[in-house]
Amino acid sequence: MPVGIFRVCLLVITAIVNHPLFFPKENGTVLENTEEIIQKMKEREESLRLEQLRLEKEIADQEATQKALEKAALVVEESKEEKVRWDMWTALSMVIFLLIELWRQDFQEGNWQDIGGEEDDMAVLGKAFKGVTFPNKAVLASFYEKRILGTTGDMARMREMVEGFADDLLEALRSVCNRDADMEVEDCVGVGSMYENWRVRKPFVCDLIVPFAPPEPYCFRGQTWCSGDCFPPDEQGYGTIKVCRADEDVTGCICDKTKLGEDMLCLLHSQVNTTRPSSEMEDLLCFKNTQYLDADQVMKWFQIAVTKAWNRISHKYEFDLSFSLLDSPGALKIKFRSGKSIAFNLTPVVQYENSDVYFISHFPWSSLAADVPSSTHWFLTFAVYERRFIHLVSKTLPANACHVSCLQILSFLHEKQCSLTGPSGLTNYHLKTVMLHLLQTCPSQDWAPEKLEARLQDMLKFLERCLHEKKLYHFFIGNGKVPAELAVPIIFQRAEPLNLFRPFVLHRDIYRKTVDTFHEMLRNMSALINEYMVHIPLAHTNGIRKE
């Protein structure tokens with residue numbers, strides 16, 4: 001329709017333009033040059049026709065473009081709808097996959113979480129427990145009373161003797177040290193199995209930690225992996241100790257972290273304080289050209305100081321004192337003239353802030369097959385808090401509770417199995433950590449003495465699950481449920497849990513050996529117990545066979 005109207009208008013305009021009255025003669029009556037005018041009219045008509053064709057083509061192109069845009073919009077909309085449908089199917093598939101995976105894990109491991117039951121659930125422990133003969137309550141109670149209690153009765157007397165001698169030795173150490181230049185040694189603190197009353201391995205060894213501090217005006221500032229400093233994964237559980245002046249604010253001033261210009265001076269710290277001679281820091285037992293305390297230098301200093309202290313008081317005693325282990329700074333042995341000997345560990349430590357967490361130079365009673373990153377990295381020990389937690393929980397348990405008995409029996413079995421098949425990656429510290437977790441999760445009444453068998457099975461189940469997952473978390477680090485009265489620093493409670501079995505992920509040969517030793521211990525359990533106990537009537541020694 002618009003095209004028709006356009007054509008009519010064009011014809012009218014042509015007629016008007018070509019009317020003879022537009023070309024009159026001078027006298028207004030006759031046209032001249034008629035042929036020329038007709039030629040011009042034809043040319044004009046042709047140009048108008050071409051213009052019409054161009055306009056029609058443009059209109060057609062616009063209509064084609066509009067149709068193409070509408071088609072493209074339709075395709076885009078359809079693709080969006082298809083993508084939404086595909087995303088929904090993808091999300092649904094992922095949800096189904098996750099549900100299947102969670103169901104599979106619950107099916108395989110879910111029953112291991114039920115650690116407080118009395119029923120017979122040994123079948124869920126895995127292939128290692130199939131065919132295992134587990135001693136009954138009477139056998140375990142008799143074995144504990146006659147084999148373990150009978151050999152641990154003199155621990156209290158030994159602790160008293162070692163503590164008295166250690167106090168005398170440290171007092172002599174203070175007297176031989178230069179109070180203005182040497183480290184200041186504090187009183188020793190007893191930790192570990194001997195002071196938690198579950199040590200079964202002979203010879204008995206007392207573990208004593210000795211806090212020390214630098215001379216004035218210096219102080220120690222601990223830096224841990226969970227305090228915001230950058231520590232790689234293999235250094236979790238460790239920290240560094242920076243030796244600073246007591247009046248130095250290492251956190252508030254950036255003069256030691258930023259290069260100041262030659263014409264700039266820190267108004268808080270003078271040049272004397274910020275620039276220390278290398279020899280001065282080495283005298284403070286720091287690593288070469290750093291301000292960080294060196295564990296190797298601490299070991300050398302402590303051994304020399306203990307030797308000097310012993311030389312001063314040796315005339316008072318009728319025995320000899322020597323270092324029993326070269327790689328441990330305070331592994332000492334008392335040798336009597338009768339041939340008997342007593343071993344104890346006197347290990348230097350640094351207190352973390354005002355808590356009972358300590359940086360320890362060496363860990364003689366608990367170590368895994370993981371190398372220390374460097375001599376400036378110190379492991380953190382919560383041994384004092386562990387002792388306090390056991391003492392605190394013991395007050396809420398029934399009389400003669402079986403928690404210590406379970407740990408002693410498990411430690412005994414593992415030690416005897418290692419003597420047969422060689423050492424494994426498991427240590428007594430791992431076994432104690434298992435007990436600490438169970439003390440927190442199991443109700444108090446479940447630790448009654450008559451439930452020794454059930455709780456020992458719980459510890460074995462918990463330990464097997466941890467070995468299967470290669471995960472055994474530190475009891476205090478990342479555990480926000482520890483009793484508030486212990487006053488564990490909040491920074492460690494809020495930290496990420498520390499996996500004590502992480503070395504198993506890195507050392508598969510050690511992991512394989514550890515698992516094999518654990519399974520062998522389960523199979524040999526009854527034989528090991530029967531071998532080390534006094535004869536009991538046969539009616540009491542029949543185990544319960546688990547198929």
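Quick rundown of the values:
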item: Test: residue in the range 494-503 that is part of a helix (DSSP H, G or I) and surrounded by 17 or more Cβ atoms within 10 Å (Cβ to Cβ); result: yes
item: Any hit, the range 147-160, residues being touching a strand residue (DSSP E or B) at 6+ places or on another chain (Cβ under 7 Å) and either open to solvent by less than 30 Å² (accessible area, probe 1.4 Å) or aliphatic (A, V, I, L, M) (or both); result: yes
item: Selection count, the range 401-420, where residues are of a type in the set (Ser, Thr, Tyr) and under 20 Å from Ile390 (Cβ atoms); result: 2
item: Members of the range 312-351 that are open to solvent by 10 Å² or more (accessible area, probe 1.4 Å), touching a strand residue (DSSP E or B) at 6+ places or on another chain (Cβ under 6 Å) and in a loop (DSSP other than H, G, I, E, B); result: Ser324, Leu325
item: Residue count for the range 404-424, restricted to those that are β-branched (Val, Ile, Thr) and surrounded by 15 or more Cβ atoms within 10 Å (Cβ to Cβ); result: 2
item: Sole residue being modelled with pLDDT of 90 or more, farther than 28 Å from Ser419 by Cα and not in a loop (DSSP other than H, G, I, E, B), chosen from Ile491, Ile510; result: Ile491
item: The range 391-403, residues that are under 15 Å from Lys432 (Cβ atoms) and either surrounded by fewer than 19 Cβ atoms within 10 Å (Cβ to Cβ) or free of Cβ contacts under 8 Å to residues at least 40 places away in the same chain (or both); result: His391, Val393, Ser394
item: Residue within the range 237-254 that is loosely packed, with under 15 Cβ neighbours inside 10 Å and modelled with pLDDT of 65 or more present; result: yes
item: Residue selected from the range 374-399 under the condition farther than 30 Å from Phe287 by Cα and outside any helix (DSSP H, G or I), by the criterion farthest from the chain's Cα centre (by Cα); result: Ala399
item: Of the criteria (1) open to solvent by 30 Å² or more (accessible area, probe 1.4 Å); (2) at negative phi; (3) modelled with pLDDT under 75, which one Arg201 fails; result: (3)
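A quick yes/no check of all residues on (1) farther than 30 Å from Val350 by Cα; (2) more than 19 Å from the chain's Cα centre (by Cα):
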| residue | (1), (2) |
| --- | --- |
| Ala401 | yes, yes |
| Asn428 | no, yes |
| Cys442 | yes, yes |
| Lys451 | yes, yes |
| Arg465 | yes, no |
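The values are calculated or read from the model by the stated rules, or taken from the named source; none is laboratory data. Being a predicted model, the structure only gives us computed values, none of them experimental. Don't worry about glycine lacking a Cβ; one is built from the backbone with ideal geometry, like all the others, and counts go over all protein chains shown. For the accessible areas, the whole protein counts, side chains as well, though only heavy atoms, and no ligand, DNA or RNA atoms are used. Shrake-Rupley method; radii C 1.70, N 1.55, O 1.52, S 1.80 Å.
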